[in-house]
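No value in this document is a laboratory result; all are computed from the given coordinates. Only a predicted model underlies this, so the values are computations on that prediction, with no experimental measurement involved. Virtual Cβ from ideal backbone geometry, glycine too; neighbours counted across all protein chains shown.
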Amino acid sequence: MRTIVVVPYNPDWPRQFRAEAAKIAAIFGPDLISIHHIGSTSVPGLSAKPIIDMMPVVRDIEMVEQFNQAMVQLGYEPKGENGIPGRRYFVKGSDASRTHHVHIFALDNPEVKRHLDFRDYLIAHPDEAQRYAALKEQLARQFPHDIESYIAGKDGFIKEAIQMNNILNKIRQELKQNADEHTQKSGQTFFKEQVQLYGVKTVVVSRIGKEYFKEIKDRGKTEIFKLCEALWQSGYLEESFIACNWSYFLRKDYEPQDFPVFERWVNDYVSNWASCDTLCNHTVGSFLERYPAYLANLKTWGLSPNRWMRRAAAVSLIVPARQGKFLPDIFEIADILLLDKDDLVQKGYGWMLKAASQAHQQEVFEYVLAHKTTMPRTALRYAIEKMPQELKNKAMEK
């Protein structure tokens, strides 16, 4: 009886694939187009059944049978389609000591893309790969001798991953199609740090994000946040904007447990002021209006060694500040950031004070006067930008 065992990732699996692939390539010769390492052993770091899954792609599936005897001599047992139309399946080793699976398809078979999409999705998204590993380990414990139930238990995850990967691929393809070199070069001039850009105008990015949100809006917040995470992980500015817009579109569904998600996005993925402000002005700001108890967390952000966390502590309050909300907290965060040497943090809390001055001009003016001898001039100028000239002059007096 075959026992299902999921083991930790073995760094020797890629070598095992290459060695066996060379033997199979020698058998099929020019009839072979390519041969791919698929399945869990192809994903670095992923726990798996210790069986190497291989996918040769051939010109004509009907000619595979003529190589059956050569495959038998290599130690394989031919299984025909074995339940998947258009496949030729071979296994190596007994049920108790299986070592290799070979899934042969013609180039135009959709199974080729499905297998590669799933593999590439897991490689690109290590968090999802670990979630898949945990699922497999749980299924192996639950069905140690029932391979059909084990496979069925993975089916939902695999389908969801492929669907998510397809959406991401379509978005990225459309971004590439709408990119131009001039926009890419001019966009870079707005940043001191190097930023990854496709070179797509912001209005077009917004349109693309809205179009694809229509496709996913019924999937639920958890799944949409996973897509947002994948967009953030790309490192591209335009993809971060789409992620920010999608998370903001869900603002009516925010719950307290969403805050650590937003906090992780700021800490792990934000790498420029534009992504920081787009996420924090809208997503984080809306969350705080709904759950003001989390204002205390912003004050912790203000002490972070991460410059973007510190800027986020201030710019998350821009919209509420304009509405006259949270003034004591705004002043407390300004106190925390007051002597920060980073100009983007100075601009961030100066902007927060400027926004607060729209509803509390006198209070903000008094705060600026009380701190003007220590407040960096960059922050001070931002804070008083919307005030009458008379107040500006007083604030700028030495």
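Count Lys and Arg as plus one, Asp and Glu as minus one, and take only other residues whose Cβ is under 11 Å from that of residue 140; the net charge is then +2.
For residue 372, the shell of other residues with beta-carbons less than 12 Å away shows a net charge of +3, using +1 for Lys and Arg and -1 for Asp and Glu.
With a Förster radius of 56 Å applied to the beta-carbon distance between residue 72 and residue 169, the computed FRET efficiency rounds to 0.90. Model label sites at residue 34 and residue 332, defined 7 Å from Cα along the beta-carbon direction, differ in position by 5.6 nm. Figure legend: label point modelled 7 angstrom from the Cα of residue 26 along Cα→Cβ; residues of the stretch 81-96 with amide N under 20 Å from it are 90-93.
Let me know the charge dipole size of the chain about its Cα centre in debye, to the nearest 20, where only the beta-carbon of Lys, Arg (+1) and Asp, Glu (-1) is charged.
It comes to approximately 840 debye.
A dipole drawn for the stretch 254-396 from +1 and -1 charges on Cβ atoms has a positive end, and of 295, 367, 312 the residue lying farthest that way is 367.
Return the loop-located GluC sites (Glu not before Pro) in the stretch 134-237 (DSSP other than H, G, I, E, B) with at most 10 other Cβ atoms within 10 Å of their own Cβ; answer none if there are none.
For GluC sites (Glu not before Pro) across the stretch 134-237 that sit outside H, G, I, E and B with at most 10 neighbouring Cβ atoms in 10 Å, the list reads 193.
At most 16 other Cβ atoms within 10 Å and a DSSP loop assignment: could you name the chymotrypsin sites (Phe, Trp or Tyr not before Pro) in the stretch 171-211 that fit?
On the way: sites: 190, 191, 198; in loops: 190, 191, 198.
Counting only loop positions with at most 16 other Cβ atoms within 10 Å, the chymotrypsin sites (Phe, Trp or Tyr not before Pro) in the stretch 171-211 are 190, 191.
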